[in-house]
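Trainee: Okay, here's the structure, questions in a sec.
The values are calculated or read from the model by the stated rules, or taken from the named source; none is laboratory data. Because the structure is predicted, anything quoted here is derived from the model rather than measured. Backbone-built Cβ (ideal geometry, glycine too); neighbour counts: all protein chains shown.
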């Protein structure tokens with residue numbers, strides 16, 4: 001779709017032309033997507049299932065920096081982060097809507113690239129783009145995505161279902177997306193100061209974790225196959241510490257996380273060391289990993305034991321015992337949530 | 001909720017504090033709202049009905065000017081414009097999600113005012129605020145609203161169901177919101193130049209049309225009572241001409257609108273004259289009226305005849321006859337759509 005040699009002004013196409021251009025490239029896949037783009041609203045057939053709805057907003061200069069994020073990746077990621085929330089409910093995403101605020105500095109070709117990434121994510125996850133809104137923005141790119149999923153009522157997993165002594169499990173590894181961001185920001189600073197081309201060699205894994213994260217559809221499917229239903233679940237967008245606190249507080253419990261159990265990829269570890277950062281801190285507070293954090297009954301441990309995608313990192317405890325990270329020597333460090341402040345520092 | 005004498009920085013509350021503050025003020029009304037704010041996603045029980053989903057984005061400096069729009073009104077309007085889309089599908093809105101991008105110049109009290117307006121709209125229309133996202137913005141206020149409604153599959157009205165010779169009907173009156181905006185912009189300019197306080201006296205109706213529009217829930221209920229099911233329907237956000245074209249094109253038809261039939265309030269009419277604007281042009285292209293435009297079979301005419309809230313303004317015709325406004329003398333003027341360009345001129 002994209003052609004870097006040409007530039008077509010958005011005003012040449014107009015709002016309706018842009019919507020038509022987008023709509024024409026979409027084929028609805030789900031029988032549940034009764035009506036997509038082109039009416040006042042999309043229409044969805046729930047097919048007897050409950051509906052799960054989540055919304056996220058991504059703002060230029062806060063959530064992403066177009067200085068180093070390709071538009072196609074940004075489009076992909078903007079869909080994936082919402083699907084991740086749907087999976088965290090143990091539901092299957094089926095539809096998304098996209099609201100875009102575009103400034104005049106974006107040509108039609110740039111919008112095409114953005115949508116190319118969005119539609120690739122939709123294809124990879126089997127989701128229909130059914131609606132949206134396109135408007136002009138005076139201050140950078142604004143992306144709003146709403147994802148809608150479906151699940152049987154009895155399959156939905158909330159944050160508040162954890163029980164005392166249950167195991168705390170995380171998928172994949174942590175801290176990679178954050179270290180990828182550090183690399184990108186360092187190279188951007190070097191480029192700004194010296195004009196040198198960025199040196200990103202050897203950092204493929206953590207750069208991909210930052211630029212093109214995936215939602216853990218596979219983990220939801222794996223747990224179903226293993227016949228393990230988590231008792232509580234959340235996705236890791238703000239960092240493990242923050243999300244573990246959400247699960248614990250929603251369930252009226254305390255939590256213990258063991259430092260030495262934290263799954264950290266070797267490339268995350270070595271990059272953290274290069275930046276003089278503590279790898280565990282990056283895993284706990286880095287954010288944007290989009291892994292799943294969940295609790296299971298101890299009786300389910302044998303079903304997940306030894307699976308390379310799943311790591312037991314701790315357990316729930318009585319609320320009176322508080323929220324702590326336990327180091328190798330058994331020392332306790334209070335877990336603290338990061339939210340807004342971390343947000344402001346990013347991007 | 002608001003207290004203009006105090007100012008609490010958003011950073012003092014933090015992202016999670018702000019979400020908790022909001023969540024604590026919400027009581028879910030619908031049995032279909034299974035889970036509201038506080039998990040990865042909201043959960044909705046469709047109760048055997050189809051789901052209708054629509055998203056809109058409002059950007060500071062494009063869709064609103066905080067120089068003359070009170071935050072409470074803005075919150076109210078941001079919900080209402082989305083509900084209007086749900087009614088335009090002949091569905092009943094039941095849930096909304098809200099994504100907010102906030103810059104540091106907004107204190108907590110300002111956010112409270114915005115939500116106060118949103119929650120008032122939710123209350124007035126019987127809708128639950130079930131989820132959202134709050135993030136920091138570096139460039140003004142960004143509001144993203146997604147509304148979800150429900151209807152029996154057979155009750156949903158699309159844009160594409162109009163038939164040849166059917167009557168084109170509009171609710172309420174047109175052009176008022178646009179003239180309200182002209183008044184606000186004139187008084188803002190006077191204030192900027194001279195420091196004089198705005199003189200808004202005598203313009204209550206058109207100012208309310210601009211600042212605090214209502215979605216035509218009452219019209220949907222009226223049509224049900226009258227046992228009239230529109231064959232196609234759309235809400236008027238971009239102006240009558242643009243929306244009539246949408247209905248005609250989606251239905252594969254042409255359309256005739258009669259100038260002398262356009263419902264224009266006397267205050268809209270006289271203000272247009274004061275501004276040397278053609279009242280009909282304001283009604284056709286002004287936008288933001290949030291009235292409903294729909295087609296009905298000629299056999300339904302007797303059921304709506306004489307109702308002060310409904311005006312037959314034209315009829316559908318063969319596509320070969322095109323899309324025209326007919327003036328008193330029978331002269332034809334081509335209807336043209338406004339979209340993006342009008343957008344850029346507004347605000």
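Each row is one residue, and each column tells you yes or no for (1) more than 18 Å from residue A:32 (Cβ to Cβ); (2) out of contact with any helix residue (DSSP H, G or I) (no Cβ under 6 Å at 6 or more places or on another chain); (3) at the interface with chain B (Cβ under 8 Å from one of its Cβ atoms).
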position	(1), (2), (3)
A:51	no, yes, yes
A:56	yes, no, yes
A:70	yes, yes, no
A:76	yes, no, no
A:81	yes, yes, no
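Trainee: Of the residues A:166, A:193, only one is over 30 Å from residue A:118 (Cα atoms), in contact with a strand residue (DSSP E or B) (Cβ under 6 Å, 6 or more places away or on another chain) and away from chain B (no Cβ under 14 Å); which?
Mentor: Residue meeting the stated conditions: A:166.
Trainee: From the list A:116, A:109, which residue is more than 7 Å from chain B (Cβ to nearest Cβ) and touching a helix residue (DSSP H, G or I) at 6+ places or on another chain (Cβ under 7 Å)?
Mentor: Going through A:116, A:109 in turn, just one is more than 7 Å from chain B (Cβ to nearest Cβ) and touching a helix residue (DSSP H, G or I) at 6+ places or on another chain (Cβ under 7 Å): A:116.
Trainee: Could you tell me how many of the residues in the range A:125-139 are at pLDDT 95 or above and either surrounded by fewer than 24 Cβ atoms within 10 Å (Cβ to Cβ) or more than 9 Å from chain B (Cβ to nearest Cβ) (or both)?
Mentor: Going through the range A:125-139 one residue at a time, the tally reaches 5.
Trainee: From the list B:83, B:114, B:100, pick out the single residue that is assigned to a helix (DSSP H, G or I), crowded, with 24+ Cβ neighbours inside 10 Å, touching a strand residue (DSSP E or B) at 6+ places or on another chain (Cβ under 6 Å) and in contact (Cβ under 8 Å) with a residue 24 or more places away in the chain.
Mentor: B:83
Trainee: Among the residues of the range B:301-323, write down those that are modelled with pLDDT of 95 or more, farther than 30 Å from residue B:211 by Cβ and surrounded by fewer than 18 Cβ atoms within 10 Å (Cβ to Cβ).
Mentor: Within the range B:301-323, B:301, B:302, B:303, B:305, B:318, B:319, B:320, B:321, B:322 qualify.
Listed here are the residues, each with its yes/no results for (1) within 12 Å of the chain's Cα centre (by Cα); (2) at pLDDT 95 or above.
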site: A:77; (1), (2): yes, yes
site: A:85; (1), (2): yes, yes
site: A:91; (1), (2): no, yes
site: A:105; (1), (2): no, no
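Trainee: Could you tell me which of the residues A:173, A:164 is surrounded by fewer than 24 Cβ atoms within 10 Å (Cβ to Cβ), under 14 Å from the mean Cα position of the chain (by Cα) and farther than 30 Å from residue B:48 by Cβ?
Mentor: None of the others qualify; the one that does is A:173.
Trainee: Continuing with this model, one more query. Looking at (1) within 21 Å of residue B:130 (Cα to Cα); (2) touching a residue at least 40 places away in the same chain (Cβ under 8 Å); (3) more than 10 Å from chain A (Cβ to nearest Cβ), which is the only condition residue B:7 fails?
Mentor: Answer for residue B:7: the failing condition is (1).
Residue by residue, here is whether (1) modelled with pLDDT under 95; (2) under 18 Å from residue A:337 (Cα atoms); (3) away from every other protein chain (no Cβ under 14 Å); (4) touching a helix residue (DSSP H, G or I) at 6+ places or on another chain (Cβ under 9 Å) holds:
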| site | (1), (2), (3), (4) |
| --- | --- |
| A:233 | no, yes, no, yes |
| A:236 | no, yes, no, yes |
| A:240 | no, yes, yes, yes |
| A:247 | no, yes, no, yes |
| A:252 | no, yes, no, yes |
| A:258 | no, yes, yes, no |
| A:263 | no, no, yes, yes |
| A:276 | no, no, yes, no |
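Trainee: Okay, next question. Answer with yes or no whether residue A:257 is assigned by TED's automatic domain parsing to the domain that holds residue A:179, surrounded by fewer than 20 Cβ atoms within 10 Å (Cβ to Cβ), touching a residue at least 60 places away in the same chain (Cβ under 8 Å) and more than 18 Å from the chain's Cα centre (by Cα).
Mentor: For residue A:257, the condition - assigned by TED's automatic domain parsing to the domain that holds residue A:179, surrounded by fewer than 20 Cβ atoms within 10 Å (Cβ to Cβ), touching a residue at least 60 places away in the same chain (Cβ under 8 Å) and more than 18 Å from the chain's Cα centre (by Cα) - is not met.
Trainee: So, in the range B:187-203, how many residues would count as being within 24 Å of residue B:285 (Cβ to Cβ) and touching a residue at least 12 places away in the same chain (Cβ under 8 Å)?
Mentor: Qualifying residue count for the region: 4.
Trainee: Starting from the range A:22-49, keep only residues that are under 14 Å from residue A:133 (Cβ atoms) and more than 7 Å from chain B (Cβ to nearest Cβ), then list their pairs with residues that are assigned to a strand (DSSP E or B) and at pLDDT below 95 whose Cβ atoms are within a distance under 6 Å, requiring at least 6 positions of separation or different chains.
Mentor: Between residues of the range A:22-49 that are under 14 Å from residue A:133 (Cβ atoms) and more than 7 Å from chain B (Cβ to nearest Cβ) and residues that are assigned to a strand (DSSP E or B) and at pLDDT below 95, the close pairs are A:37/A:131.
Trainee: Tell me whether the range B:140-147 contains one or more residues that are touching a strand residue (DSSP E or B) at 6+ places or on another chain (Cβ under 8 Å), in a loop (DSSP other than H, G, I, E, B), facing chain A (nearest Cβ under 7 Å) and farther than 17 Å from residue B:17 by Cβ.
Mentor: yes
Trainee: Could you list, in sequence order, all residues of the range B:10-37 that are in a loop (DSSP other than H, G, I, E, B) and farther than 20 Å from residue B:75 by Cα?
Mentor: Correct list: B:30, B:31, B:32.
Trainee: Select, from B:144, B:161, B:172, the only residue that is on the phi > 0 side of the Ramachandran plot and out of contact with any helix residue (DSSP H, G or I) (no Cβ under 7 Å at 6 or more places or on another chain).
Mentor: B:172 is the lone residue from the list that is on the phi > 0 side of the Ramachandran plot and out of contact with any helix residue (DSSP H, G or I) (no Cβ under 7 Å at 6 or more places or on another chain).
Trainee: Here is a list: A:20, A:60. Which entry is modelled with pLDDT under 95 and under 21 Å from residue A:178 (Cβ atoms)?
Mentor: Result: A:60 is the single residue among A:20, A:60 that is modelled with pLDDT under 95 and under 21 Å from residue A:178 (Cβ atoms).
Trainee: Restrict the check to the range B:51-58 and report whether at least one residue is surrounded by fewer than 19 Cβ atoms within 10 Å (Cβ to Cβ) and in contact (Cβ under 8 Å) with a residue 12 or more places away in the chain.
Mentor: no
Trainee: Go through (1) touching a residue at least 60 places away in the same chain (Cβ under 8 Å); (2) part of a strand (DSSP E or B) one by one and return the number of the condition residue B:133 breaks.
Mentor: So residue B:133 meets the others, but not (1).
Trainee: Residue A:143 versus (1) surrounded by 22 or more Cβ atoms within 10 Å (Cβ to Cβ); (2) assigned by TED's automatic domain parsing to the domain that holds residue A:262: which is the lone unmet condition?
Mentor: All conditions are met except number (2).
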